[in-house]
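Here is the structure we will look at.
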Amino acid sequence: MAGIIAHGAYVPRFRLGPDTAGWMASTERAAANFDEDSVTMAVAAGLDCLGNRDRNAIDGLIFASTTVPYAEKQGAAIIAAALDLRQDIFTADVTDVLRAGTTALRSALDSVVAGAARQVLVVVADSRQGAPRSDTERNAGDGAAAFLLGRDDVVAEFTGFHTITENMLDNWRSSGDSFVRSWEDRFATEEGIERIVPEAVEGFLQKYGLNLQDVDRVALYGPDARRHGRLATSMGLDSQQVQDPLFGSLGNTGAAFPLMLLVSALESANADELLLAISYGDGSDVLAFRTNSLVNRARPGAGGLHGHLKSRSAIASYETFAKWREVWLTDDAARRPAPSSPSVSALWRESNKNLRLYAGRCNACGYVQYPPQRVCVNCRAMDETSPVRLSDKAGEVFTYSMDYIAGAVDTPLVVSVVDFVGGGRIICMMTDRELEEVEVGMPVAMSFRKLRVVNGIHNYYWKAIPRRFGAPAGQQVGG
């Protein structure tokens, strides 16, 4: 039976909340850093999902988001490279609608059921922006979810699907718009979500001969806490059936929202529970999964959704957040020449080094070098190296420097030298850091981030971040 083999999530470290000067809201929401976007968050969720699984077993990757960085270029291809997946897999982007995540999940399950793929990875991420200090901005959040789907060793079996499609212009964003737009609230609620979602759920129940009481947990989309609660009540859902929507700690993460709630449900579910994931946007999708006795096996260690929620830091001021978004404040840093455009040919040529983060391990002596070199600096063997992936290795700071005049968004720019477990050393920027925690010997992990955007080219690379959780199983620096 096709279903979910593994799941993962990503929530940015930083939060807008009561401790943020100028936020003017009592609730908290997750906020992507200046160098994060839907692609980088999707990579992080994918890493959380995959762990130390065999990536060669994956036959496809589907990326879903309403905030893809390119209008004409596939985000899934970037993510597949960063996750070090095989070249001969199918990839696809699903976008432009809030139910893109459930559409991607259904498409992946169809591929598995049809036998076209053994395993498919689905990653869903969003970073939707509302006008400054608007209700949309206050209720939104940034984050990602990931699911590995297949037939063998599933922890939750796919048991049904129902969808309805209706052209509804209640929320939208046209090309060139920086912010999500919405129509009058009463119309959007009464003629939109409160009519369409119950109709989809009723259709699902009739299709499979079920009653609402047969459902154990519902991962339900809602634009905000008030309308989410009102929708659940109007549908007749018991409070025990409704998965905590995490308003006040996460926020509405767009296309990823119902699937992040599904991850939350799976992290605490028992065997033989019927879970529904319900999305909304130009209609509604309802996906059903039934957990089995293996569900506890897929529990994350310190990561997962709840681990990421607990690992948090408050943004000091709303001005900092606005600077990250580059929407209405200008940077008063020293004027510098505009950065030069990245070389497209160099980006392609150095993909293994920059996106897959491959070092070279000497076949003669085992010494690891990054970037890979033809000649081993340890034993002088020539052209005797094998690629080794560093992106999922634990590391420690060997040394670092702080540059206060670099003109960086997060002044000072922290440049670190990181030593990896099993060998290898890299010099890279550090992000998501609090200055007082940076020190020699600091445990770090690698995180896929955006360096800059020049001439429409999104230049991605890996940076070090303070390790939010313990080292991966079997990894100890210096071991």
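Out of the total accessible area of the chain (probe 1.4 Å, heavy atoms of protein only), what percent is carbon and sulfur? Show your work: numbers first, answer last.
Details: 9880 of 20580 Å².
In the chain, the share of accessible area belonging to carbon and sulfur is 48 percent.
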Extension gain, Val415 back to Asn211 (0.36 nm per residue minus Cα-Cα distance, nm): 67.7 nm
Residues with amide H under 5 Å from that of Glu28, placed H, sequence gap 5 or more: Gly248, Ser249
Partner lysines for Lys450 [C-alpha distance under 24 Å; skip if fewer than 8 residues away on the same chain]: Lys73, Lys323, Lys353, Lys393, Lys463
Additional length obtainable on full extension of the chain from Ser293 to Asn270, 0.36 nm per residue less Cα span: 7.5 nm
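Mind giving me the FRET efficiency for Val454 and Ser386? R0 is 45 Å, r the Cβ-Cβ distance, nearest 0.05 is fine. Intermediate values should be presented prior to the final figure.
Details: r = 34 Å, r/R0 = 0.76.
Between Val454 and Ser386 the formula returns 0.85.
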Cβ charges +1 (Lys, Arg) and -1 (Asp, Glu), total dipole of the range 3-324, debye: 580
Calculated P(r) over Cα pairs in 20 Å bins from 0, in percent (choose from (i) 24, 57, 19, 1; (ii) 20, 35, 33, 11, 0; (iii) 19, 43, 34, 4), label: (i)
Modelled FRET efficiency - R0 41 Å, Asp96 with Ile405, Cβ distances, 0.05 increments: 0.45
Distance between modelled label sites at Phe398 and Arg118, nm, 7 Å Cα→Cβ extension: 3.8
Computed E for Ala21/Arg53 - FRET, C-beta separation, R0 35 angstrom, nearest 0.05: 0.25
Peptides 101-111, 87-97, 150-160 ordered by average Cβ neighbours within 10 Å, highest first: 101-111, 150-160, 87-97
Long-range HN-HN contacts of Gly283 with modeled amide H, under 5 Å: Glu166
Approximate spin-label separation Glu202-Phe187, in nm, with each point projected 7 Å along Cα-to-Cβ: 2.4
Descending Cα extents along the principal axes, the range 93-181, whole Å: 47, 26, 22
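Find the eigenvalues of the gyration tensor of the Cα atoms of the range 221-320, then list the square roots of 5 times those eigenvalues as equivalent ellipsoid semi-axes, largest first, in whole angstrom. Before the final figure, lay out the partial values.
Working: eigenvalues 113, 87, 27 Å².
Calculated on Cα positions only, the semi-axes equal 24, 21, 12 Å.
The values are calculated or read from the model by the stated rules, or taken from the named source; none is laboratory data. What you see is a predicted model; the values in this text were computed from it and never measured. Because the Cβ atoms are built from the backbone with ideal geometry, glycine has one as well, and the counts that use them run over all protein chains shown. Protein only, heavy atoms only, side chains kept; ligands, DNA and RNA dropped before computing areas. Shrake-Rupley method; radii C 1.70, N 1.55, O 1.52, S 1.80 Å.
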